[in-house]
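S.K.: Once you've had a glance at the structure underneath, I'll fire off some questions.
Only the coordinates and a few stated rules stand behind these numbers; no lab work does. Being a predicted model, the structure only gives us computed values, none of them experimental. Backbone-built Cβ (ideal geometry, glycine too); neighbour counts: all protein chains shown.
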Amino acid sequence: FFGCSISIGSTSAYTLSATSNPASSPAASVAFTISPSVLPVVITSWIAAGVNRGTTRFGTSSEIVPSGGWITLLGTTSPNLAGSLVQTWTMTKSVSWHRVTSRLAAADGTIHYFARVNGWTAYQLRFAGDTSHSPAASHGRIATTRL
């Protein structure tokens, strides 16, 4: 089977078989699988108080805002997932993780989500994966209101 190649991954096994002219005994390969070639994805997320407040105080795992205050959840993707659908998930102390929205990553690979915080809330960005990239999720980030 010199010179043959398959570049499409599959969970089902492939088998190559060959015949010749003039007729000789047919030949068959042993069954084999090919793992899909996908790039690992990293999603990094930050929370900042206020809407469009810039990059100050990004990088912390939690943010305390006044009751009813706004936060900005900003995510970056590596490699850049521009145009890919990224989901925003939230969780409160009384409600488990649930998806609140899906957004296309911007041309620079970022995702922005603005939310009003009325208590302890965790946020996470998730990418389901595609034919070129593996699934990924950011670490959960927490926002809470002052008592």
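S.K.: Spin-label point model (7 Å from Cα, Cβ direction): what's the TRP97 to ASN80 distance in nm?
M.R.: So the two model labels end up 2.8 nm from each other.
S.K.: For the stretch 99-119 and the stretch 21-48, what is the separation of their Cα centres, given in Å?
M.R.: 33
S.K.: Grab the other residues whose beta carbon is less than 14 angstrom from that of ASN80, score K and R as +1, D and E as -1, and report the net.
M.R.: -2
S.K.: Shifting gears a bit: Assuming 0.36 nm per residue, please report the length gained on full extension of the stretch THR44 to ILE142 beyond their Cα-Cα distance.
M.R.: 33.9 nm
S.K.: Which trypsin sites (Lys or Arg not before Pro) in the stretch 58-128 sit in a loop by DSSP (not H, G, I, E or B) and have at most 16 other Cβ atoms within 10 Å of their own Cβ?
M.R.: Here the sparse-neighbourhood loop sites are LYS93.
S.K.: Then there's this: What does the charge add up to near ILE111, with Lys and Arg as +1, Asp and Glu as -1, over the other residues with Cβ less than 14 Å from its Cβ?
M.R.: Here the charged neighbours net out to +3.
S.K.: Amide H neighbours of GLU63 under 5 Å, at least 5 residues apart or on other chains, H built in the peptide plane: list them.
M.R.: It is ILE142, ALA143, THR144, by chain and number.
S.K.: Quick check: net charge around ALA137, other residues with Cβ under 13 Å of its Cβ, Lys/Arg +1 and Asp/Glu -1? Intermediate values should be presented prior to the final figure.
M.R.: Working: positive: ARG99, ARG126, ARG141; negative: none.
Every neighbour counted, the sum reads +3.
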